[in-house]
Amino acid sequence: DYIKPDYVMAHQLEVGDFLVYRYPALEKDQKELTPEIMRLLGYYLSEGYFSSNDKKGEYSTLNFAFKKDEYELIQDTSDLLLKCFGKVASKRSRGNVTELYICSRSAVRFMERYCGHYARKKKLHPSLILLPPEKQEILLNAYFRGDGNIHHDRRGNRSDTVILSSASLDLTYQLQVIVARLGYF
């Protein structure tokens, strides 16, 4: 038997009811958002931040902070910064952290437009939610490399769980939409 879904208030839910999760099915590509840009956006969401306020209060430096031993991520990000923004990244290490940075107001504005600023306020531009799933998967995989991990169920009761961490509630919900668009929930 098919039962047509209906919208009800949460307090009206009863035992035995099912919840249906819907996500936007519309797809709209943007040529500007190349696979390399998508990967860099994923790294920015997980590891990126801005610095160097000028006298007008504008940020001019795009930074990424990695664990010192994340050589592959550091190199990939450095290569992407050169390819996407034409800037050779500078590198500095302190303690257990290696930071990459480029001085570029246009790169800062680009990242802020598509992903916001400050860890708790990062969020995806609405156009990223409607991109084809292949492009969204690139962003998600890069984000996972920075702020994701896999929880292995040691008791064997469940399958492994993929975990994405974020300080931003908005970003968390948006990543859930992308994960659903990729066929997972």
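The values are calculated or read from the model by the stated rules, or taken from the named source; none is laboratory data. Predicted, not measured: the structure shown is a model, and the values here were computed from it. Positions of Cβ are generated from backbone atoms using ideal geometry, with glycine treated the same way; all protein chains shown enter the neighbour counts. Remember, those area values only see protein heavy atoms, side chains included, never the ligands or the DNA or RNA. Shrake-Rupley method; radii C 1.70, N 1.55, O 1.52, S 1.80 Å.
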On a C-alpha basis, how far is the centre of segment 3-78 from the centre of segment 89-137 in Å? Whole number, if you could? 9 Å
How high is the relative contact order of the chain, given as a whole-number percent (alpha carbon pairs under 8 Å, six or more residues apart)? 24 percent
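Skip the ligands, DNA and RNA, and give the accessible area per residue of the chain with a 1.4 Å probe, whole Å².
Working: 12300 Å² over 185 residues.
Per residue, the chain has an accessible area of 66 Å².
Loop only by DSSP, 12 or fewer other Cβ within 10 Å of the Cβ. Give me the chymotrypsin sites (Phe, Trp or Tyr not before Pro) in segment 1-84 that pass, ordered by residue number. Walk me through the intermediate numbers first.
Working: sites: Tyr2, Tyr7, Phe18, Tyr21, Tyr43, Tyr44, Tyr49, Phe50, Tyr59, Phe64, Phe66, Tyr71; in loops: Tyr2, Tyr7, Phe18, Tyr21.
Those that pass, being in a loop and sparsely packed, are Tyr2, Tyr7, Phe18, Tyr21.
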Per-residue HN-Hα couplings for segment 179-185, Karplus 6.51 cos²θ - 1.76 cosθ + 1.60 at θ = phi - 60°, whole Hz, x for Gly and Pro? 4, 5, 5, 8, x, 10, 8
Lys4, Lys31, ranked by accessible area, largest first (probe 1.4 Å): Lys31, Lys4
Using a basic spin-label model with each label point 7 Å from the Cα along Cα→Cβ, how many nm lie between Met9 and Asp69? 5.4 nm
Could you list, bin by bin from short to long, the percent of Cα-Cα pairs of segment 11-76 in 10 Å steps? 14, 26, 23, 19, 14, 4
At q = 0.12, 0.22, 0.24 Å⁻¹, what base-10 log of I(q)/I(0) does the Debye formula yield for segment 1-119 when every alpha carbon is treated as an equal point scatterer in vacuo? -0.58, -1.29, -1.47
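So which trypsin sites (Lys or Arg not before Pro) in segment 81-163 end up in coil per DSSP with only 10 or fewer other C-beta atoms within 10 Å? Each step should come with its number before you reach the end.
On the way: sites: Lys83, Lys87, Lys91, Arg92, Arg94, Arg105, Arg109, Arg113, Arg120, Lys121, Lys122, Lys123, Lys135, Arg145, Arg154, Arg155, Arg158; in loops: Lys87, Lys122, Lys123, Arg154, Arg155, Arg158.
Within segment 81-163, the qualifying trypsin sites (Lys or Arg not before Pro) (loop, at most 10 other Cβ atoms within 10 Å) are Arg154, Arg155, Arg158.
Within segment 1-138, what is the number of lysine pairs with alpha carbons under 16 Å apart, leaving out pairs fewer than eight places apart on the same chain? Provide the component values of the computation, followed by the final result.
On the way: Lys28/Lys135; Lys31/Lys83; Lys31/Lys135; Lys67/Lys91; Lys68/Lys91.
Lysine pairs satisfying the spacing and distance rule in segment 1-138 number 5.
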Please report the net charge: other residues with Cβ closer than 9 Å to the Cβ of Phe64, K and R +1, D and E -1. -2
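Of the chymotrypsin sites (Phe, Trp or Tyr not before Pro) in segment 92-125, which ones lie in a loop per DSSP and count no more than 13 other C-beta atoms within 10 Å? Working shown, then result.
Working: sites: Tyr101, Phe110, Tyr114, Tyr118; in loops: Tyr118.
Those that pass, being in a loop and sparsely packed, are Tyr118.
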Once phi is turned into θ = phi - 60°, what whole-Hz ³J(HN,Hα) does the Karplus curve with 6.51, -1.76 and 1.60 give for every residue of segment 73-85, x standing for Gly and Pro? 5, 4, 5, 4, 5, 4, 4, 5, 4, 5, 5, 7, 10
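Quick check: from the Cα gyration tensor, does segment 60-165 come out rounded (a/c under 1.5), prolate or oblate?
Working: a/c = 2.16, a/b = 1.35, b/c = 1.60.
Verdict is oblate for segment 60-165.
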With a 1.4 Å probe and every protein chain kept in, tell me what percent of the accessible surface of segment 66-185 is carbon plus sulfur. 51 percent
